[in-house]
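Just below is one structure, and these are the notes that go with it.
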Amino acid sequence: METWSVDQVCKWLVEKNLGELVPRFQEEEVSGAALLALNDRMVQQLVKKIGHQAVLMDFIKKYKQSDQEQKPTGGSTETPALALAQAAPGHEHNPSPASHGDQTSLYPAVLDKRLIDQRVLKQRRNVKHALARHKALQWTKSYILPEFPYDVKCILAEQKRPDHSMRIRIIEFLQADMTKYLEGSLYPTTQQYNDVVNALLQAHPFLDDNGCGFVTHFFLWKRALKDRFKYVRRPIEDDEQVMRNKCKFGHRRGQTRKSLADIQSNEIKIVQIKEESVSLGSEVDEHIDWFQREYVKTDRDWREVDKRMSQTLEIRRKMIGGRTPLKDVLKMFPFLKCPYQMFREIQILTKTDIYKKTRHILESYSENILTALSVLDNPIHTALQEKMKHYTDEGVLKDMKMTATCLLLPHVFGDEPSLFVVVNGKVRVSTPVLEVKNPFHINGCEFSLYLDKEKLTKVDDCVTALAALVSAFRVFGIECPRRLSQTFNFLETLIFDLQSPRFPSLKEKEIRSQPPIT
């Protein structure tokens with residue numbers, strides 16, 4: 001079919017009861033090669049009736065499938081050129097051995113190696129191109145456009161050209177869907193870019209309807225998609241192995257060449273890490289796989305969780321001590337998101353019941369903190385006084401005071417409150433911080449622990465929230481911010497019995513804030 005002329009294509013249409021399409025195909029000069037290269041969008045522009053579109057595409061698809069099945073195997077003597085010649089309309093099939101064996105008209109090059117029939121070479125090239133097209137179309141056949149959000153679907157349903165922001169959203173969803181479809185790869189091929197953009201413009205033809213032409217808009221969408229991948233693609237310079245090689249051979253920018261002793265020490269460390277990973281690899285992988293399967297269950301075997309978390313404690317502490325990214329640690333050990341497991345890890349490391357100590361601090365120091373002069377005019381203290389007027393139960397009042405004590409700790413010590421707790425607001429810091437909604441609402445109070453601006457866990461009471469906040473700094477090896485040092489010094493000295501805590505008075509803070517006298 002690749003070698004058919006326009007007349008042969010028209011004759012084939014008549015044989016397939018599609019004679020109505022002959023004038024249009026003659027006008028557009030659709031040859032056999034052009035017929036096989038038609039896609040859905042071209043067929044829609046070429047053929048008006050949907051029924052004829054479906055029948056035509058079905059015939060082309062069946063022909064391509066039969067053409068692939070008829071390609072020669074190892075022991076077959078039938079050539080691709082012969083198969084194509086037999087598929088042409090008007091070809092008379094002669095089953096006699098003489099006609100089957102006589103192929104001199106197809107291959108004159110066999111008679112004389114110096115003479116090359118250009119038609120045979122063209123047929124062979126067309127077969128190769130058909131194979132390449134078939135291989136490239138395999139990805140497109142199973143690709144489906146993603147489910148766009150509601151506002152994008154409304155714009156597309158109304159067939160309105162999207163503005164700049166809406167175009168960016170479409171590109172972002174296409175990029176995310178391609179990454180998921182390609183199993184996380186951020187390096188699609190050129191053909192895959194073409195397939196996705198072609199699928200988008202075929203599903204929504206109005207996206208290129210402003211007079212610039214299909215080709216121009218095709219390349220605009222393709223360029224936008226490639227730029228999006230380039231924006232989110234991880235630079236190769238950040239790869240650990242690349243950094244190690246650059247340091248080893250002294251090619252890293254801004255650094256001098258390392259000495260032989262430093263290189264040898266680094267190589268020894270790498271060998272030690274490899275040996276440890278080999279000795280613990282299979283066992284640790286088994287535990288990690290079990291953690292990830294168990295974490296998604298609703299009914300968990302906590303006894304087995306405790307056992308396996310204890311067995312992987314050493315390798316987990318090495319990873320955290322080696323500055324492994326927090327996302328990787330949580331992906332491997334998702335149970336660290338549970339406050340109970342953080343408290344248990346603190347107990348294993350420091351022999352301290354952090355929940356019990358935290359509750360004791362809030363109960364013991366609530367009166368001193370709530371009567372400090374620095375918090376009397378605070379909106380949290382004012383809201384507490386207003387809420388306490390509506391309740392008389394001692395348990396409820398005690399919980400309200402403990403919650404207010406937790407929220408007012410950084411105000412008492414003169415630290416930055418936004419690094420410690422965010423009340424009815426949005427978390428904007430990356431260090432561990434508490435988010436609190438409706439702090440004095442009996443049934444609607446919510447505490448959430450955030451880490452790297454992402455929610456790690458959600459709890460219902462201030463004691464668990466404060467204990468989880470202190471535990472997160474210790475468990476994940478995060479250094480406390482300097483503008484929060486006074487508050488954490490007070491908490492850690494009481495929880496871990498480091499030294500006798502000092503509660504600075506208002507006079508001491510005023511003297512400390514005054515300029516020195518010369």
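Values quoted throughout were computed directly from the atomic coordinates according to the rules given, and no laboratory measurement underlies them. Quick caveat: nothing in here was measured; it's all calculated off a predicted structure. With ideal geometry, Cβ positions are generated from the backbone for all residues, glycine too; neighbour counts draw on all protein chains shown.
Which of the peptides 486-496, 376-386, 220-230 is most tightly packed, and how do the rest follow, going by the mean number of other Cβ atoms within 10 Å of each residue? Write out the running numbers ahead of the final one.
Numbers: 486-496: 19.0, 376-386: 14.3, 220-230: 15.8.
So the peptides 486-496, 376-386, 220-230, ranked by packing, come out 486-496, 220-230, 376-386.
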Projected-area average for segment 7-53 over all orientations - Cα convex hull basis, square nanometres: 3.0
Hey, with R₀ at 60 Å, roughly what FRET efficiency would GLU416 and LYS48 work out to, going by the Cβ-Cβ distance, to 0.05? 0.30
Rounded to the angstrom and largest first, Cα extents along the principal axes for segment 302-432 equal 51, 31, 23
Quick shape check on segment 297-339: root eigenvalues a ≥ b ≥ c of the Cα gyration tensor, a/c under 1.5 is rounded, otherwise prolate if a/b tops b/c, else oblate, and it reads oblate
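At 0.36 nm per residue, and after removing the present C-alpha to C-alpha distance, how many nm does the segment from SER364 to PHE206 gain when stretched out fully? Kindly include the intermediate steps, with their values, before the conclusion.
Details: separation 158, 0.36 × 158 = 56.88 nm, distance 6.89 nm.
Length gained, SER364 through PHE206: 50.0 nm.
Beyond a 23 Å Cα-Cα separation, which of these cross-linked pairs lie in this structure: LYS337/LYS401; LYS153/LYS327; LYS11/LYS48? Provide the component values of the computation, followed by the final result.
Details: LYS337/LYS401 27 Å; LYS153/LYS327 33 Å; LYS11/LYS48 20 Å.
Over 23 Å apart, Cα to Cα: LYS337/LYS401; LYS153/LYS327.
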With the crude spin-label approximation of a point 7 Å out along Cα→Cβ, what separation in nm comes out for ALA383 versus ARG41? 5.4
Multiplying the sequence separation of VAL429 and ASN17 by 0.36 nm and subtracting their Cα-Cα distance, what value in nm do you get? 141.4 nm
Label model pair THR392, GLU172: point-to-point distance (7 angstrom along the Cα→beta-carbon line) in nm is 5.4
In nm, spacing of pseudo-spin labels at LYS455 and ASP301 (7 Å Cα→C-beta vector): 3.0
